[in-house]
1. Of the residues in segment 529-558, how many are closer than 25 Å to GLU479 by Cβ, under 57 Å from the mean Cα position of the chain (by Cα) and either outside the structural domain of VAL487 (by the TED database) or at pLDDT 90 or above (or both)?
2. When you check GLU428 against the structure, is it open to solvent by 60 Å² or more (accessible area, probe 1.4 Å) and assigned by the TED database to the domain that holds ILE610, yes or no?
3. I need every pair where a residue in segment 714-742 that is not assigned by the TED database to the domain that holds LYS696 has its Cβ under 9 Å from the Cβ of a residue that is assigned to a helix (DSSP H, G or I), sequence separation at least 6 or different chains.
4. I'd like the full set of residues that are outside any loop (DSSP other than H, G, I, E, B) and not hydrophobic (A, V, I, L, M, F, W, C), limited to segment 461-476.
5. Report the residue count in segment 705-756 for those that are assigned to a loop (DSSP other than H, G, I, E, B) and more than 30 Å from ASP677 (Cα to Cα).
6. Exactly one of (1) open to solvent by 60 Å² or more (accessible area, probe 1.4 Å); (2) at pLDDT 80 or above is unmet by ALA67. Its number?
7. Condition check: open to solvent by less than 40 Å² (accessible area, probe 1.4 Å) and modelled with pLDDT under 80. Does ALA164 satisfy that?
8. Just give me the residues in segment 575-601 being in a helix (DSSP H, G or I) and open to solvent by 40 Å² or more (accessible area, probe 1.4 Å), in sequence order.
Amino acid sequence: MEPTTKTETLDIEGMTCASCASAIEKSLSRAPGVQSAMVNFATEKATVQYLPGQASPASLKEAVVNAGYGVMERPPDTSAAERSAEIDRQKALAYQKLRRRFWVAAGLAIIIMPLSMLMLWPALMARVNMPLLNYALLLLTLPVLAYSGREFYVSAWNGFKHRAANMDTLIAVGTGAAFLYSLAATVVPEFFTSRGLMPEVYYDTTATIIALILLGKVMEMRAKTQTSAAMRSLIGLQAKTARVVRPDGAEVDVPIEQVQLGDIVVVRPGEKVATDGRITEGQSAVDEAMLTGESLPVEKKSGDPVFGATLNKTGSFRFEVTKVGADTMLSQIVKLVEDAQGSRAPIQRLADKVSSIFVPTVVVISILTFVLWFDLAPVDTRLPLALVSFVAVLIIACPCALGLATPTAIMVSTGKGAEHGVLIRNAEALEKAYQVNTVLLDKTGTITRGEPAVTDFLAPGQDGPRLLQLLAAVERQSEHPLAEAVVRYADAQGSSSLAATGFRAVEGKGATATVDGQAVFIGNRRLLAEEGITLSPELTAQAEQLLSQAKTVLYVAVAGQAVALLGVADTVRDTSVAAIRELQALGIEVVMMTGDNPQTAAQVAGQVGITRYFAEVLPAEKAGKVKELQAEGRIVAMVGDGINDAPALAQADIGLAIGSGTDVAMEAAGITLMRSDLHGVVTAIELSRQTIRIIKQNLFFAFIYNTLGIPVAAGLLYPFFGILLSPMLAAAAMALSSVSVLTNSLRLRGFSPIKN
């Protein structure tokens, strides 16, 4: 028996790049009892699986602290909304502090820059006391380092103590080198002049680089906030109060946190449903778009379930609370989306490997750049050239873009999927959906409604409405699924209710009762044969036609005479044909699987436009059919809704469970569709394709940026074209790279599934 593991999610503080995430991951993975650790730079969360007897939340926090980072405390026993609000509050405070640091750096840099440029005009330099000017620049630069840039140096020092390097290491070494060189030129200028060198200062470089990097971080933090907008909107949907009925009948508004299981809650028109429950009194139409993406309100009556955060449209009703807090449907959706946003897609592995060795490699390249320029450049320019190139390489080579390329796109797309009723379990499922070229649909409950419905009512020469009244009166006494189909059909036709007496169910054949003084029989042909009732040639021909269409035929007799036929079938959903057509338009082959006979399978397949199908498939054989398709080299998405679909969903490359199905099916699936509509399959695949396209673009931008930027910063173009990259331009380019990746990911916020 394998030991039981627990999963803990930690909110990390102090990460600045993908290298930070890698360092924390290594520290957690080395901790005793930890089975796996995954740190997401974009969401700033660590997800850790550990053995409770060997590790604890406290020991995990210690491992993070030992790596040089912090853990944001989560208040115990809080709801998703409260936890999210607290995290948002702390992030808002951090954002305000970051902005203050930026404005201080920017304000001083605006003063330092023109003062530094005085040395470009010899006429002005002759009138200026250069040593005094350098000291003035030093005093202006010190607040930039001590306040605005302090966290870069503290983080770099912590990394050094823990033998780790990150983006802050590059910034600290680069700006620190420029500052220390300038400090030496200011305090001991004779050291340089005695060697024939100008005591040049680079305070403007130090201040401007820090200001530009902070500007990039401000823009990055704003963009990150937008990537989780869908999640916050989901959490914000929760009702704040509920109108609870007390034992004495009084209705009292109470905070949602005080609602308990078994409470009776009143919901009036225009109000949100406070939590999950079941209607005990009244009826209404409820807008469930926030859960399912379905725009049309759903009719609700006594006994029907309702879900928290949905919107009551018309009538008033009361419901009994069945779930509260973390057990509600909304909380489960939020948890699922949170887990998906914190997961890692396989496509990210290359970026993670590169990020883990990137910073040390850049430090080595920058040192080699300095050495080469110092050795090869002319004596009078070698030190400035070596220093500028050294700083430029350190500043431009930020691995942030690599770290943000995948997780930001995952964050936006999983939140967007939830808006459209598509719940993605993890990033791997999202990536797998992109590769799908074959969709295998279980017929019953997926293509079809999964319940019998009357498709034909044939009563030649009879009073149809009156006959429906008689049939409904009999079938209301029965619990058989076919009887329920007849009652639904009669109700839809507006049949009034009649009383039936002497009801008798005939097992395997049908039912009979007396209605309005007449004996009414409804069932299969054997029921009528036992009563000695024969069919007319017209009814016989009509019955054969219905049977040829793979429909179940119910025969009706009144007062000893066969008078009508009912054709019953599991009808195709209204949206199935259009959705299957859309899948085929995406270049995906759609295959149907059913336990029905070949005749019925062919009829349904032809109706929805499917050319390949498997008939007479037993539940135990469904996973085998998935393997059969996979053996053909296909990437298979299985769509199902029942318990017997779970093995096939698990076997498929990606499983999609219809949300109206069982919990077992949803647990086995990588994607859950919140409404019983195959358009959700189209949405999931379209969203996956767009997301992977964005991720590939992000990774291309990130890799090409560093591939081109580092050689240019190192001075590769200087011998040929006299072009040397300024460290300030390097800082601007570094900030732009991260913002461009985030902005590209945010394009997914405009995703909208296409429906024919």
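The values are calculated or read from the model by the stated rules, or taken from the named source; none is laboratory data. The model shown is predicted, which means the values in this text are computed figures rather than measured ones. Counting neighbours? That spans all protein chains shown, and the Cβs are built from the backbone with ideal geometry, glycine included. Just so you know, the surface numbers come from the protein's heavy atoms only, side chains and all, with ligands and any DNA or RNA stripped out. Shrake-Rupley method; radii C 1.70, N 1.55, O 1.52, S 1.80 Å.
1. Residues that pass the stated criteria total 4.
2. Working: open to solvent by 60 Å² or more (accessible area, probe 1.4 Å): yes; assigned by the TED database to the domain that holds ILE610: yes.
Yes, satisfied.
3. Once the first residue is not assigned by the TED database to the domain that holds LYS696 and sits in segment 714-742, no partner that is assigned to a helix (DSSP H, G or I) comes close enough.
4. Selection gives GLY464, PRO465, ARG466, GLN469, GLU475.
5. Let us first name the residues in segment 705-756 that are assigned to a loop (DSSP other than H, G, I, E, B), namely 714-717, 722-726, 751-756.
Within this subset, residues satisfying the condition of being more than 30 Å from ASP677 (Cα to Cα) are 714-717, 722-726.
Result for segment 705-756: 9.
6. Failing condition for ALA67: (1).
7. Numbers: open to solvent by less than 40 Å² (accessible area, probe 1.4 Å): yes; modelled with pLDDT under 80: yes.
Yes; evaluated as a whole, the condition is true for this residue.
8. Within segment 575-601, the subset in a helix (DSSP H, G or I) is 576-585, 598-601.
Selection gives VAL577, ARG581, GLN584, ALA585, PRO598, GLN599.
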